[in-house]
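Scroll down for the structure; my scribbles are underneath it.
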Amino acid sequence: MTVKEVKTLYITDGEDGIRVDRFFKRRWPHLNHVQLNKLFRSGQVRVDGSRVKADTRLATGQTIRVPPLPDAPDVDQQKRERAMLSPQEIRFAHSLVLYEDEDVIALNKPHGLAVQGGTKTKNHIDRLLSAWGEGLERPRLVHRLDRDTSGVLLLGKSPQAAARLSGAFAKRRANKTYWALVVGNPKPEDGYIDVPLIKKGFHDREIVQPAEPNEVGAEQAETEYVTISRAGPRVTWMALRPHTGRTHQLRAHMQAIGHSILGDPKYGNEASAQLSEGLGLQLHHRRIELPHPTSGTLIVEAPLDKVIKAGFDRFGFDEHEAEVDPFANQKKKKR
């Protein structure tokens with residue numbers, strides 16, 4: 001069934017108790033994690049008229065609003081798209097690999113390369129995944145990074161691996177560490193930002209802003225931060241750990257506490273703009289630690305992208321000054 005218009009379906013006995021995201025995956029298995037989350041976040045999926053989250057459990061007799069959905073990938077079209085990748089593009093895609101095993105590929109996404117395509121975006125990571133093959137051989141995105149954020153990007157090499165990785169993100173079992181250069185010196189040096197966010201605007205003009213917890217459309221957003229080093233009172237090198245995965249969360253949260261990330265044209269301020277001349281976004285997904293889809297723990301680190309390296313060089317930071325897990329001491333304090 002391809003849904004090209006809004007449909008209202010009823011939950012049957014065999015679907016009682018199933019999570020709403022799994023309801024969609026059963027019926028439309030070609031939908032990926034990013035597509036589903038977008039449907040839930042935007043309120044396009046509704047149960048008995050109400051917005052729902054991915055982990056909402058369904059009950060027999062409930063109605064579910066199913067919005068227009070994208071078609072399943074055309075295998076022949078995928079093959080044509082892969083044929084359109086030049087040998088240079090295929091080599092480039094493989095050059096991004098930080099780690100690979102039977103279940104997982106970890107890429108070092110460069111600054112400026114989008115994860116997924118759009119009306120004005122023809123070159124992106126999702127397109128480059130054809131370098132590994134099509135159908136079951138094609139890796140699957142399980143999370144995303146902003147176009148101008150560099151660093152670790154994980155892929156599942158099978159539907160099962162992708163589902164387990166996605167589950168780790170959904171259950172907050174993925175510890176992500178971002179490095180950022182921000183204007184000024186945050187006080188306290190270490191802390192926790194619990195500020196709900198709400199989206200405003202559309203497409204290229206979309207921006208997220210702080211919101212009241214009970215405001216319609218507001219989403220819970222939590223970020224932990226630690227100071228690693230300072231370049232006097234002007235700039236601080238921070239480690240940021242998002243505990244939720246909202247659009248532009250880290251950028252909006254640092255702006256909300258008065259310490260915008262350097263090189264950010266959307267969430268900057270006058271002080272950060274002066275310090276950012278000639279710099280791109282100084283935000284890098286440095287490290288991720290989460291359960292491996294098969295066994296054990298997966299830990300991947302990404303070396304500095306040339307864009308954030310330019311910021312480190314300008315302000316005299318040495319990447320070797322940072323602890324492997326800057327948040328380890330925070331965990332001890334909480335005990």
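Assorted remarks:
- Residues with amide H under 5 Å from that of L283, placed H, sequence gap 5 or more: S150
- Packing-based order for 275-288, 127-140, using average beta carbon neighbours within 10 Å, highest first: 275-288, 127-140
- When only the Cβ of Lys, Arg, Asp and Glu is charged (+1, +1, -1, -1), the dipole of the chain relative to its Cα centre reaches about 540 debye.
- Accessible surface calculations at 1.4 Å, restricted to protein heavy atoms, place the chain at 51 Å² per residue.
- Ranked by the mean number of other Cβ atoms within 10 Å per residue, highest first, peptides 152-163, 176-187, 40-51 order as 176-187, 152-163, 40-51.
- Taking each DSSP H run with n ≥ 4 as -39500 (n - 2.57) and averaging over every residue of the chain yields -7000 deg cm²/dmol at 222 nm.
- Contact order, relative form, for the chain: 14 percent (alpha carbon pairs under 8 Å, 6 or more residues apart, mean separation divided by residue count).
- Per DSSP, loop GluC sites (Glu not before Pro) in segment 199-252 with at most 13 further Cβ within 10 Å: E206, E215
- Three semi-axes of the equivalent ellipsoid, the chain, Cα gyration tensor, whole Å, largest first: 34, 25, 19
- Assigned charges on the beta-carbon of Lys, Arg, Asp, Glu; segment 179-224 dipole about Cα centre (debye): 260 debye
- Spin-label pair N185/V6, simplified geometry with 7 Å Cα→Cβ offset, distance in nm: 5.4 nm
- Percent carbon-and-sulfur accessible area, segment 189-335, ignoring ligands, DNA and RNA, probe 1.4 Å: 48 percent
The values are calculated or read from the model by the stated rules, or taken from the named source; none is laboratory data. In this text, all values refer to a predicted model and were calculated from it rather than measured experimentally. Virtual Cβ from ideal backbone geometry, glycine too; neighbours counted across all protein chains shown. Keep in mind that these areas ignore ligands, DNA and RNA; they rest on the heavy atoms of the full protein, side chains included. Shrake-Rupley method; radii C 1.70, N 1.55, O 1.52, S 1.80 Å.
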